[in-house]
Every structure is written in structure tokens, then in C-alpha cells.
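Structure, as C-alpha cells:
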Protein chains: 2
Amino acid sequence: MLEEQWEEFNKLLRNRGYLWPSYEIYGGVAGLYDFGPAGTLLKNNIIELWRKHFIYRQYGLVVEIETPIVTPQIVLKASGHEDHFTDPVVECLKCGRIYRADHLIEESAGVKVEGLSLREIEAIINDRGVKCPIDGGDLSTPKHALLLFRTEIGPYKGTLGYVRPETAQGMFTSFKHVLAAIGERLPIGIAQIGKVGRNEISPRQGLVRLREFTIMELEFFFDQSKSAEESMEYLTDELLDVKLRILYNDLKVAGVKEPIEAPLRDFLNKGVIVNSWLAYWMAIGQKFVESLGIPREAIYFEEKLPHERAHYSAQTFDQLVYSKRHGWIEVAGYAYRTDYDLRGHMAYSKADLTYFKKYEKPVEGISKKLVPDVVSIKRDFKELAPLVLSEVFKLSSDFLERSLETYGYVEVSGVKLSKEYFVAKEEKALIHGEKIVPHVVEPSFGLERLMYVVLEYSFSKASDGRIVMRFQVELAPYKAAVFPLVTGRKEVHQKIKELAIKIYRTLLNSSIPTYYDEEGSIGKRYVKSDEYGVPYAITVDYQSITDGTITIRFRDTRNQVRVRIDELTATLSKLINANIQ
Amino acid sequence: MLEEQWEEFNKLLRNRGYLWPSYEIYGGVAGLYDFGPAGTLLKNNIIELWRKHFIYRQYGLVVEIETPIVTPQIVLKASGHEDHFTDPVVECLKCGRIYRADHLIEESAGVKVEGLSLREIEAIINDRGVKCPIDGGDLSTPKHALLLFRTEIGPYKGTLGYVRPETAQGMFTSFKHVLAAIGERLPIGIAQIGKVGRNEISPRQGLVRLREFTIMELEFFFDQSKSAEESMEYLTDELLDVKLRILYNDLKVAGVKEPIEAPLRDFLNKGVIVNSWLAYWMAIGQKFVESLGIPREAIYFEEKLPHERAHYSAQTFDQLVYSKRHGWIEVAGYAYRTDYDLRGHMAYSKADLTYFKKYEKPVEGISKKLVPDVVSIKRDFKELAPLVLSEVFKLSSDFLERSLETYGYVEVSGVKLSKEYFVAKEEKALIHGEKIVPHVVEPSFGLERLMYVVLEYSFSKASDGRIVMRFQVELAPYKAAVFPLVTGRKEVHQKIKELAIKIYRTLLNSSIPTYYDEEGSIGKRYVKSDEYGVPYAITVDYQSITDGTITIRFRDTRNQVRVRIDELTATLSKLINANIQ
């Protein structure tokens, strides 16, 4: 697109109330946007479409929950965010400006530094003589800046909390509650749609990099040992035939830049996607993004190399959409989080977050129970022993095992007990099942980025130069607009207007999002309704008050048809459901 | 209700996945709750019902927007929150515990302290010998604790921001953008539904006092001089006939404890409600709360005395609902915020937030323009004068007037110019209109409190002791449940199940929220569906596979009817729309 078209696009977004930078009267805050009336409707429509693909049409496989944005420190300690959710930064020693070290080096030395240590980054800065781009000042030693918004919860100093950087942790910390509420069963998806905050160093690129945005996220919990078998039931032929474009690591390592297009089944058979549930959700995600009106050739998945992945992931694919403005942008991530998060929270909270996997029938076996070795504890801990023993006896055998496995010790009353202080007691028993820590696959979508690509792909110019937002009907902020076409005497004029308003109200009462417009000429009203991407513009004219019909004008074809007023609601409902533009 | 019934109620909320305290595996955080699958559905249904009353059925009078939660300091400085949004606290000098001074004094000395100064509170503590209730320690001097969650935006130290305590400021800071997007017109309501944070000192009372919650808020902007006239168009007889129960200030001052019930028109005529738009939204709010299933006698409005009102309000009514558990609780506030907020933001941002009120036709008049008095500025500011003059000439006459009116001076380049430094230049002109600062009326609802009272009022026991959640159909998390009734041979069994699943999927595909349940006996499934408040439980049995009919069982009457499967979706849609339970 030409630069002047971008200007037109930006002007449209602002003037038609899709979005604008927040707090502009105060000079704005980078990375924060407001959504106006049309933008809010569009955003909510994208959410509903996501729910349709990821919740409603999953028929009980997925439930939605809502957990807080404010998160106590320990949760993000256990999740690894407090240690890993950082960007490397340097400060100019002359002017005090702070930069993302990786961006700065990339821009001024042309070197990719993703995955490098602070020491390595520092070496590059020194070797290449990277300076402050504003005043040429020397740069400080690089350090990690935490990307979490930090706050204090309650009136006491030091009770740290954060604005959550993802909704996922809410699904892990409440996992057992959800499991109990829905009747213990696996697999189960727990979805959440909500606000998150990431305190970016210097966000640019409009909606693409925000400090506050909405995530639509699904944590899908399953029994890893039955992963292939159970997912087969859900991986229908229709899904296995879904065509994906994937740039996977073998290709990347070999220097290939273009993704390969193939049906999902090929990628599964070749072992490109390591987990079949991950494959399942990638197929659903592909269908969802296409349903937004993005063509398949403008979508691909890129596998992340080990050093590019988040700290919790065993395999990650980014889903990218091509933006004419910003190049390829990541609109979703599909991460195989394994049991990393549940294990982390079990370790930090000492709560049991396992799932009891019942056997079809009990088996005879040896029940093995780990118990403290009283003799050696008494011998080595002397006067502390009674306290240590009373505390350690409160812990379950499962917990002891997990703790020894994870840390190599069990901590009670400030004392660390290594495995020498425990003995395994064995006895014959009927075993009814076992406790497992479910594995997790996570598809996660950035709503504002989706919104951005929807806006960009919808933006089009008709042959006469007029802007038309060609939204899928389901996404259009307003499905209809009602225009009275006033001509003739005042009484007639009044009658037409009254009828138009009556029709307008009827449509709103039938849950069809509609606006009413009597300003300016009919031509100007069409210009406006096209800029809102209204698929069906309804004109009420003199004929309407005489024969009870109105005109529907179709957005994309500009064709007009006359329809009886008493059939209008039904007609529009049918057109909307059939996505006819 | 009896104590044991409360226990049952709480157990139900948790076990059926309505809600539970957040982060319980870490011991919980006071004032934070998770909403489970049923709770999230209920919450979203309340939001949709609110939108119906406050947005959709306002036919273009109200639009919805979305603005960020993270708010830069200056916005909450301009709004007065940084100075006024506090609670008085005292610290025990022995154990360091921090208390809300007003609560502590009320509990231990039985004195109401709302509206008292810190000095007065200190005097009461000393006079009454109020001590720490835990260890009897002396208390510190009371001070104001800010109830805002504080954070830093970006990497620079000291760039303060807050989690917003209300959504309202987003509507004020973006007011001009919205006005431009919808075509400049007044009156206009700007609504927002979103999360807010209030860092309460020590929240208790479950959902009633939260540190993070969802607000459904409407800022209604209007021309104060045309308030009565314009609202008359909207205050239909139907609304004027709405019966409200109000405890207004004259009654309160006279010691009356009970509200007076009367039609809205009486309260307007008596001048109880000072602004007719405020009256309009109170009527809408009354209808909305009743539509949640709360009986009229359990709702009343209480006018706030001047010292009880928020800093921005000229008249405020709280809307209260009676909770059997917590007594009367405030579910909404209706504040007449006047032009306080827009004026505050104009003063702090120097942006023009006025509305240009066009006259029907231009009038001849004198155009008065305020201009700097060059002579006196040069005389008094000497070498600073050129800088001062160049700055002050950049400001509009309107801004100069507003600033002089609000502060008594205009500040430029660190210099304060009082009105002596300006002269009014008058000339004959055609005046097309005038700039006005709109006034604002705000109805504001706490979603979780509404949810709480809905849950409490829905909770009921059938004569056989069974729990039934008697939700309004529109609010019920699930409208239907599908139960296969398996009897007979395995093949028959399988056929029934398949048919049940097919029906279940059809209902979900028709956007009817439904769950499927084949666990346990049919009796147990009804117990569960009643606890979810499912209005229509559908049983698929042997007869279903032979004659194509199923049974609908109604939640409240337990009546059962047989319906043809091919008419089920249509039948349910009709029942839902008619709110038949």
C-alpha cells in the first residue's frame, strides 16, 4: 500500500471511532490504546468468534473461567516469570535514555542477539562500539529489566504483586477447583479471555506491541500417556485435511525461509508436531484465523528454536499473519508447556495438583509408600528432631516423592531432608489408579493484533476510490444501518422518518446491531456505512410508506433489492447467518 | 437463613464452579475471587442484560468504548483521586497491624466517623482509649492511605501509574474522540464495562468488598441548560410511572430510617432528584435490577449527605439491595458529577474538552475575546516578557477564560498571570453558537455485587430439601441439559446416547448454552441441573429413538412435556424468550 493510503487508513480508524492512542490530551502513553464505539463492537465480535471455535464448537471439551489480573508475587515466582520474563536493557550514561539492548544492537550493528547472555551482549557492544543513537554517549553494562507491572497488595510494605502477563497462571492455580466443578475428567480445556499487562521498554508499532492487551487463551490439560490415542477421537478427517503452512526447525536450520504447505496429517506423520493435541489446536487455530477473513497464504506457523522458546515450553509454534504495514506479525502462540507449570506450583505451594487416573479395574500390586526414617532423623537432628518429625509426618507420600524428585530434598521447619532420611514401605494392595500430573498444550491469541490484521485486510478501495471495510458479516460492528430518504412535503417527510425509526428499533430489539442515520445526503450516508463495513444498508423512502417495502443495499456489490418490511428481520437474519456480503 | 444453609450455599458456589477465593493453593489473597465455568457464564449473562437496558434499548443514545486499566498518574491527579481516594488508617505501635480507623472506631467505640477529619478521628481514639483489638497496643496517629494500586509505566523510575479505580476517567479523557466519531451531538452516553482495582485495607465479606472487580458504568453527557427540556422526550409515561423507593436527605436529616415509595414523577415534582437525567437513569436502573429477579421491596435508593458523597458529586444516590447475609449492600451509585471531571482535565491537560453548541440560527452579537495586555506584561515581567508573551499568545481566548475562572490565573513559563494582565476585546459579529462544558450523570454498577445478590436470591430449597437455583431464564448459565436415559440392550443404549449427543450438539450450534450429562442416575442429574438452575432439562429415552420425541422437564414446576425433536430448538427459543421457568 502507498504511504497516503496508510494515512487514509489511520484517519479512518480514528474518525470512525475504531481506535486511537489513549490519553492523547496528556500527550499519550506509548503502548496504550482506546477502542471507540466501532472498535469495541468489532473487538467483541472477534471474541465471540473465538469462543465459537475454541469453546462452543468443542462441545464440552472446553470451559471458560475468569481469574484476577492482580497476581501475588509467589505465583509468578513459581511460574518462572519473575526470573525469566525480562528484556536486556542498556542505559545511556550521558542522557539516561534506556534502550532494549537487543533492538539497539540489531539496528546499529545488524547483529541478531536473541538468546545471548548479558555477557555476550556486552561483548558485542564493546566490539562494535555501539553507542546511544541520540547523543553518542557510552552505554551502561546490560542488565535484565523485568517486564512485569509491579505493585503492592494491601497496606503493608513489601507485599508485592504484579499485573499478570498472561492469563494462564489463573488456570493452573485454580486447576483443581475447575476439575472438581466439572466432574473429574481429562482431557479438559480451560479458557480465559482477559486483560494482561507487559511493561515493554519502548513500545512502538501501534496495536502490534502494547503495554496492556487482551489475551484469548486456552490451557488444555491431558494425560500424556494417552495423548495420541485420545486425540485420535477428535482429530477427524476434516481436521487432518486442514492445510497448514509450517516453517519448522529442520527447515530453519537448513536455511529455508519459506514454510511448507501440507495437510495436518502429513506434519503429524513426519513428526514435525511432537504432540497430537498440539496438532489438534493448531488446526482449530488455522480455521479460526481463516474465518476472520485472512487468506491462507497470508498465514503460517513458525516453530521456535530452543533458545527462542519461552522458559516453560518443550515445543512452540508461532502463528503469523502477513501485514502489509508491519510484515509478518505473530497473532498466536501454540506452546507445549508439558507439566512445567503444575509442577512449579506444586513445589511452591505444596498443594496436590495431580489428577487421579482411575484404572478400568483395580490391579493387584505393591503399594509403595515413602515414610520418614525416624532413627536417622533422631540421630542427626537431635533436639530439632521432634519438631521435624511432627512436620514431616503431615506430608503425604506423594508430596515427599515429588519434592525429592524435583529438588533432591524435602524442606520442613527450615531443615532440608535428603532422600537418605526416607524409607520406602511396600505392601500388597489393590491399586485403583494413580496420580498423574497432566500435561498442557496452550493456544494463546493476542486479540488486538488479530483486530489489527482484520482491520488491515478489510480496508479496501472501490473502483471509484471509496473506502469499504469488507468485514466478514459476523465481524462487522454494525450489521445494518437505516436511512430515511426524505423527499416531498413535511407530513410525508415526517411519516418516512417515523417509519425508519420504527424499523431501526425493531432491528435493535431483534438483537441485530444497527445504527440510524439521517444526516446529509444519501451518498454521504453510504460513504459512512461503507467505512463502518455495514453489510446491509436499509433505505426507507416514499414507496415504503405506501407499499410496506424498503431497499437493502449490499455493501460489496452495491446491488439493491426491495424487501417487505414485515419480512426484514427474518431476511437479515438469514443473510447474516449465510455471511452474504 | 440459617447458618447451615449458608454453609450449603457456600459449598454449592464452590462445588458447582460458580466461584471460589483466588490463589487458594497459596493461602489466598483477600479481596480476590475466581469465577468458575458456571460463574463466568452467569457473569457474562448479567453483562448482556445490562447492555440491553443501558445500551441496546437506548437506541443510539449510548455507545460503548474500552480504555486501558493502566492509567498515568496525571489522569488521577486531575480527577481528584490521588488526593481524595483514601481511607483513614492507624497502625498498632506494638504489632504493626494496620486498621481502617473508621471501622476500628465504629467497632470498638460505636461511633460513626464518616466525613470526619484525621484530627477529629485522632481525638476520638484518644478520648475513647481505642487500642489494637489484637494485643491492646497503642495506635499511631491516623493518616490517609491511598486506595490505588500503584505501579511504574516503562523503564524509568518515577513514571507513576495506577490501576484505574473506576472506568469513568477513560470516558472523560477520550470524550472529544468519541464525540467526533459519532458525529458531534448531545446528549450522549458513553458506557464502559471493565476491570478496576481498589487496594482495600482489609477486605472481608466475600464478593461484596473486592480488590479487583468489574464495573459497568455510563457517563451521560448533556447540555445542562437544556437538561429538563431534552430529558422530557425520553422520560416517557412508562418511566415516570416506575415506582422507586428513596430515602432522601430531608428524611435522613429528620431521622427517618425507611425509604418512601412513589412513582418517579412524584420525586421529580418534589425536587428530590435535582436533575431530570439523573432521574431518567435511576428509572432505567430500577428496571434493570428488578429484571435480575430482585423484588422491588428489596431495593431502595439512599441519597448521600454532602459529607458522604465522593469529591466530584453534586448529588448521589446509592442503590441498595437487601442481602440476607450482609444486610443492605450498595450495588450501584448514581452520581451527578456536573462538569467537575471535564473541567479538571481541561485544567491539567490544557486541551479543549468543550462541546460546540450550535444555535438554530446565528445571532448578531458582540464577540468578546480575551487577549494579553502587552503593555502591563512588558512593564512587570521585563526580560521574561518576550517569552511569556509568545507563550500566552498561543493560548485560545476560551482557555484563558476558563483558566482565570477556575484558578484565578493563567500559568505560562512558570509565571502566573492574574486577570489584570488581560483585556477583553469586543467586536460586532454573527455568533453561530457557543462552547459549553457538558454536565455528566453517572450510573455505575458493581458487577460482582449484582452477581452475589442474584446468587443469593436464586438460592432456594424445594419442599423435598433439594437446592434449586431459580435464576431468571435469561441469566441461567445453562439454558438446557441433555440426559440420555439408558435402559435395555447395549445396541439400544448406544443409539440413545448417540441421539442425545446429536441433540446436545444441535442446541450448542443454535447458540443455546447446554451441557451433556450421562453420569449417575437420572435423579442425581436433576439434582445437579437444579443446582445449575437449568430451566429446561431434556431427557432422551427409548421412546425418543422410536417416535422422535424427547421430554422437557421444567426446573421450577418439575412438570414434564414431550416435544418433537425437530421442534426442540424452536420450542426452547420461544421458552427462553418468554422467560418461562
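Converting phi to 3J(HN,Hα) with the Karplus coefficients 6.51, -1.76 and 1.60 and the offset θ = phi - 60°, region A:61-66 yields 6, 9, 10, 10, 10, 9 Hz in sequence order, with x at every glycine or proline. Restricting attention to region B:59-148, the count of lysine pairs at 8 or more positions apart or across chains with alpha carbons under 25 Å apart stands at 6. The tail of the calculated P(r) for region B:1-103 beyond 15 Å holds 81 percent of all Cα-Cα pairs.
What is the calculated FRET efficiency for B:Glu107 to B:Glu48, with r their C-beta to C-beta distance and R₀ = 25 Å, to the nearest 0.05?
Values: r = 40 Å, r/R0 = 1.59.
With a Förster radius of 25 Å, E is 0.05.
Under the rule of at least 5 residues apart or a separate chain, name every residue whose amide H is placed under 5 Å from the amide H of B:Val130. Counting only residues 5 or more places away or on other chains, the set is empty. Put in order of Cβ neighbour count within 10 Å, fewest first, the listed residues A:His345, A:His326 become A:His326, A:His345.
Of A:Ser231, A:Leu32, B:Ser413, which is farthest along the charge dipole of the protein assembly as shown in the positive direction, counting Lys and Arg as +1 and Asp and Glu as -1 at C-beta? The Cα lying farthest towards the positive end belongs to A:Ser231. Just so you know, the averaged projected area of the alpha carbon convex hull for region B:388-484 sits at 15.6 nm². Take each residue in B:140-152, count the other chain C-beta atoms within 10 Å of its C-beta, and the mean is 2.
Projecting the Cα atoms of A:Thr338, A:Tyr355, A:Phe9 onto the charge dipole of chain A (Cβ charges, centred on the Cα centre) puts A:Phe9 farthest toward the positive pole.
In terms of other Cβ atoms within 10 Å, A:Lys176, B:Lys574 run from fewest to most in the order B:Lys574, A:Lys176.
By the helix-only formula, in which each DSSP H run with n ≥ 4 contributes -39500 (n - 2.57) and the sum is divided by residues, chain A has a 222 nm mean residue ellipticity of -10500 deg cm²/dmol.
Restricting to DSSP loop positions (anything but H, G, I, E, B) with no more than 12 other Cβ atoms inside 10 Å of their own Cβ, which GluC sites (Glu not before Pro) remain in region A:488-560? Don't skip to the answer; put the middle values down first.
Working: sites: A:Glu491, A:Glu498, A:Glu518, A:Glu519, A:Glu531; in loops: A:Glu518, A:Glu519.
Passing sites in region A:488-560 are A:Glu519.
Between amide H atoms placed 1.01 Å from N, distances below 5 Å from A:Ile260 occur with A:Ile246, A:Leu247, A:Tyr248, all of them 5 or more places distant or on a separate chain. Modelled label positions at B:Arg185 and A:Glu360, each set 7 Å beyond Cα in the direction of Cβ, lie 6.7 nm from each other.
For A:Phe422, the residues whose amide H sits under 5 Å from its own are A:Asp373, ignoring neighbours fewer than 5 places away on the same chain, with H placed 1.01 Å from N.
How fast does region B:358-433 diffuse by Stokes-Einstein, in µm²/s, taking the Kirkwood radius from C-alpha pairs at 25 °C and 0.890 mPa s?
Working: Rh = 13.5 Å.
My calculation gives 182 µm²/s for D.
Listed values for region B:495-510 are Karplus-derived 3J(HN,Hα) couplings in whole Hz (6.51 cos²θ - 1.76 cosθ + 1.60, θ = phi - 60°), namely 4, 4, 4, 4, 5, 4, 5, 4, 5, 3, 5, 4, 5, 4, 5, 8, and x replaces Gly and Pro. For A:Lys357, the aspartates and glutamates whose Cα comes closer than 18 Å to its Cα, not counting residues fewer than 8 places off in the same chain, are A:Glu184, A:Asp223, A:Glu229, A:Glu230, A:Asp339, A:Asp398, A:Glu401, A:Glu434, B:Glu519. All alpha carbon pair distances within chain A were sorted into 10 Å bins beginning at 0; the resulting P(r) in whole percents reads 3, 13, 20, 22, 18, 12, 7, 3, 1, 0, 0.
Note on B:Arg558 and A:Tyr348: with the Förster distance fixed at 60 Å, the Cβ-Cβ geometry gives a FRET efficiency of about 0.80.
Tally Lys/Arg at +1 and Asp/Glu at -1 over every other residue whose Cβ is under 12 Å from the Cβ of B:Ile260; what's the total? Show your work: numbers first, answer last.
Values: positive: B:Lys243, B:Arg245, B:Lys252, B:Lys257, B:Lys270; negative: B:Asp250, B:Glu258, B:Glu261, B:Asp266, B:Glu302, B:Glu303.
That works out to -1.
Legend: calculated FRET efficiency, A:Ile545 to B:Ala262, from the Cβ-Cβ distance at R0 = 41 Å, rounded to 0.05, equals 0.45. With respect to the cross-link table entries A:Lys350/A:Lys435; A:Lys176/B:Lys524; A:Lys369/A:Lys394; B:Lys43/B:Lys195, which display a Cα-Cα separation exceeding 18 Å? Checking Cα-Cα distances, A:Lys176/B:Lys524 exceed 18 Å.
For region B:86-146, the C-alpha radius of gyration divided by 2.2 N^0.38 Å, with N the number of residues, is 0.97.
Peptide B:35-42 is shielded by partner chain Cβ atoms: per residue, an average of 6 of them sit within 10 Å of its Cβ. Taking one quarter of the surface of the C-alpha convex hull of region B:130-253 gives a mean projected area of 15.1 nm². Phi angles of region B:42-51 translate, via the Karplus equation with coefficients 6.51, -1.76, 1.60 and θ = phi - 60°, into HN-Hα couplings of 4, 4, 5, 5, 5, 4, 5, 5, 4, 4 Hz per residue; Gly and Pro are given as x.
Please work out, to two decimal places, the log10 of the ratio I(q)/I(0) at q = 0.11, 0.14, 0.19 Å⁻¹ from a Debye calculation in which every Cα of region B:472-581 carries one identical scatterer. Relative scattering, expressed as log10 I(q)/I(0), comes to -0.30, -0.49, -0.92. Can you give the Rg to Rh ratio of the protein assembly as shown, both from alpha-carbon atoms, with Rh computed by the Kirkwood formula? Computed over Cα atoms, the ratio is 0.97. A full extension of the chain between A:Glu519 and A:Glu330 corresponds to an added length of 64.0 nm, given 0.36 nm per residue minus the alpha carbon distance. Taking the Cα centre of the protein assembly as shown as reference, the dipole from Cβ charges on Lys and Arg (+1) and Asp and Glu (-1) amounts to some 1040 debye. Ranked by how many other Cβ atoms sit within 10 Å of their own Cβ, fewest first, the residues B:Ile182, A:Ile65, A:Ile193 fall in the order B:Ile182, A:Ile193, A:Ile65.
Every number here is computed from the coordinates shown, using simple stated rules; none is lab data. As the structure is a prediction and not an experimental result, all values here were calculated from the model. Backbone-built Cβ (ideal geometry, glycine too); neighbour counts: all protein chains shown.
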